[in-house]
Amino acid sequence: MGRPGGYGRGDGACVTVTIRPAVIDHAVLYPAIERSAGQAFLAIPDLAWIASHTITPAEDYDPLIAAGTVWEAVAADGSPVGFLMAEAFVDHLHIQELSVAATHQKLGIGRRLMQAAADHARTAGLTALTLTTFRSVPWNGPFYASLGYQMLDAPLPYDLQAHIDDENARGLNDRCAMRLVL
């Protein structure tokens, strides 16, 4: 069971959010959260197209929810406002997507979702968390570095290089792989 936490929005209001394992019925809501989170890219002219890019279909979450590697941030009314989707590999947990709705960004929810994934990985006996992200977008590479993730140099492990190659083929440039050793 997740722990609730209250966070100020900067306007004096407090938002209570609980981080917990994802609920299969909420998977249909995650694409809208991902789309909302993507609106932040409108502030970067070269990446503004991401705000309307293809998002992860709801059915893609189901196997990972069943595997226990998707967490959600749930508001007091029970609705999800953020999620983290990951996949377990032999020795590490790979973060595939972290999205927080625009209305709930900058409240520490992304950090709490990342912590839930790290806690799970430790409990599962995994040695690291990995991800691929934009190297220089402030809420990407620098954000993960603030959590202790380190940029990996080439040559990358096969699975991470495959992610980077796939992302480059989809027009996502300036990508890097990062790892947090547990």
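The values are calculated or read from the model by the stated rules, or taken from the named source; none is laboratory data. Nothing here was measured: the structure is a model prediction, and the numbers come from that model. Every residue, glycine as well, gets a Cβ built from its backbone with ideal geometry; the counts of neighbours run over all protein chains shown.
For every residue, the table says whether it meets (1) closer than 17 Å to L113 by Cα; (2) at pLDDT below 95.
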{"site": "G5", "(1), (2)": "yes, yes"}
{"site": "A13", "(1), (2)": "no, yes"}
{"site": "A27", "(1), (2)": "yes, no"}
{"site": "A32", "(1), (2)": "no, no"}
{"site": "W49", "(1), (2)": "no, yes"}
{"site": "A67", "(1), (2)": "yes, no"}
{"site": "V70", "(1), (2)": "yes, no"}
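Starting from residues that are closer than 18 Å to Q105 by Cα and of a type in the set (S, T, N, Q), keep the ones in the range 134-154 and report whichever is nearest to the chain's Cα centre (by Cα).
So the residue we want is N140.
Search the range 165-182 for residues being touching a Phe, Trp or Tyr at 6+ places or on another chain (Cβ under 6 Å) and at pLDDT 95 or above, and hand back the single one that is nearest to G108 (Cα to Cα). Working first, answer last.
Initial filter on the range 165-182 (touching a Phe, Trp or Tyr at 6+ places or on another chain (Cβ under 6 Å)): 174, 178, 180.
Next, from what is left, pick out any that are at pLDDT 95 or above: 178, 180.
Working: M178: 20, L180: 19 Å.
The qualifying residue nearest to G108 (Cα to Cα) is L180.
Which one of these is more than 12 Å from the chain's Cα centre (by Cα) and at pLDDT below 95: A124, A162, A75, A102?
Numbers: A124 fails: at pLDDT below 95; A75 fails: at pLDDT below 95; A102 fails: at pLDDT below 95.
The conditions single out A162.
Residue by residue, here is whether (1) touching a residue at least 24 places away in the same chain (Cβ under 8 Å); (2) among the small types (G, A, S); (3) touching a strand residue (DSSP E or B) at 6+ places or on another chain (Cβ under 7 Å); (4) over 20 Å from Y144 (Cα atoms) holds:
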| site | (1), (2), (3), (4) |
| --- | --- |
| T18 | yes, no, yes, yes |
| L29 | yes, no, yes, yes |
| S52 | no, yes, no, yes |
| E59 | yes, no, no, yes |
| I65 | yes, no, no, yes |
| E72 | yes, no, yes, no |
| A101 | yes, yes, yes, no |
| H104 | yes, no, yes, no |
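Of the residues I44, I55, I50, which is farther than 24 Å from L180 by Cα, touching a Lys or Arg at 6+ places or on another chain (Cβ under 7 Å) and of a type outside the set (S, T, N, Q)?
Answer to the selection: I55.
Name the residue that is surrounded by the most Cβ atoms within 10 Å (Cβ to Cβ), counting only residues in the range 133-151 that are within 19 Å of G171 (Cβ to Cβ) and among the small types (G, A, S).
Across the range 133-151, the extreme among qualifying residues is G141.
Across the range 120-169, what is the total count of residues that are free of Cβ contacts under 8 Å to residues at least 24 places away in the same chain, in a loop (DSSP other than H, G, I, E, B) and charged (D, E, K, R)?
Total satisfying the criteria: 1.
Kindly evaluate A169 against the criterion of being of a type in the set (G, A, S), farther than 23 Å from A102 by Cα and buried (at least 20 other Cβ atoms within 10 Å of the Cβ). Outline the logic, then answer.
On the way: of a type in the set (G, A, S): yes; farther than 23 Å from A102 by Cα: yes; buried (at least 20 other Cβ atoms within 10 Å of the Cβ): no.
When the stated conditions are applied, A169 does not pass them.
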